[in-house]
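The next block holds one structure in the form of structure tokens; read it before the comments.
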């Protein structure tokens, strides 16, 4: 997507990323049906609250969940959820480093439908958790032999786990500010498909009444006989059926999009690098302007550069084996976009082209990125320049 130096507005529809396709390829919408209570420690302070609703609405349905367990504490210390199918940024509640791990990957149209867990009798932390998918797959981690009772929360009929909310320890003012998982809440939803409008029944063609036989008038002798009068009415004609009115792409719905909402299913965030949010019916839209000579000077895409990080190319191949940015690329919002000094800089999102990425650099997946100026041709997923390429030459 190209950002003009002085005045440009761009729109990015993100509110329906979580929606699944309905029969016939029609886009449906997801509706939250409820949420569980918070499981885990209730008295711990201070805490940081994390709501992953925005990640679900921006990136799409859950495709992977990682669980992290500490044998020293006897508690589940972290849960990481990946939303969407494009290696988007995983969302972590708690911590993960140095802990026992288990994970579950979900296929398209597969979701988590049941959660079973146990709370420690001593400090109420989550000491065991088990997830079950709609296709019968399971993952479990923790102290399964604990004598604590099993607590269960599950989706409604045809429902699925849409996202998580939770609390983690906050170590304000210290070198490490992010602490372990303390409380966890599960949000459940269902996919709602629009009810197809039945095609209107065609009106029957009118059946013409038979014309009465005319009574011939007496004719003078020798006068030629007149031709018989034509029968009234012609052959019936078919009346074409009216086409059904098209469904609105984004019908107005405050339950799905509300700029005043601060959390929940209607929460509409402004997706960075854009700074303004608005609702187009039930769809959440982000927009913004680049007011400086260079977009980076305006803060767009500066998250990566603020950490003195610069990756070149799509970072693939043998020469990049030890490159910390290997297999990361900037996927353009508009394929084929080329940055230049006159019209502005193309923007996109950091994506992973394979699972072989540096653990530290993987944190940038999902962040905004810029195509450098001058940008040159974009590339395909293999790093080959392509006029219709979807990736930037530099990241």
Item to complete: Can you work out which of the residues in region 68-89 that are in contact with a helix residue (DSSP H, G or I) (Cβ under 8 Å, 6 or more places away or on another chain) and part of a loop (DSSP other than H, G, I, E, B) is modelled with the highest pLDDT?
Response: 84
Discussion item. So, restricting to strands (runs of 3 or more DSSP E) that lie completely within region 102-164, which ones have at least 1 residues that are more than 16 Å from residue 181 (Cβ to Cβ), more than 31 Å from the chain's Cα centre (by Cα) and at pLDDT 95 or above?
Written reply: none
Item to complete: Would you be able to say whether some residue in region 307-319 is assigned to a strand (DSSP E or B), at negative phi, surrounded by fewer than 22 Cβ atoms within 10 Å (Cβ to Cβ) and modelled with pLDDT of 75 or more?
Response: no
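May I ask you to verify whether residue 131 is in the same structural domain as residue 65 (by TED's automatic domain parsing) and farther than 23 Å from residue 70 by Cβ?
no
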Discussion item. So for region 116-123 (the condition being surrounded by fewer than 18 Cβ atoms within 10 Å (Cβ to Cβ), in contact with a strand residue (DSSP E or B) (Cβ under 6 Å, 6 or more places away or on another chain) and either touching a residue at least 60 places away in the same chain (Cβ under 8 Å) or under 18 Å from residue 75 (Cα atoms) (or both)), does at least one residue qualify?
Written reply: yes
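The values are calculated or read from the model by the stated rules, or taken from the named source; none is laboratory data. If you're wondering where the values come from, they're calculated on a predicted model, not measured in any experiment. A quick note on method: Cβ atoms are made from the backbone with ideal geometry, for glycine too, and the neighbour counts reach across all protein chains shown.
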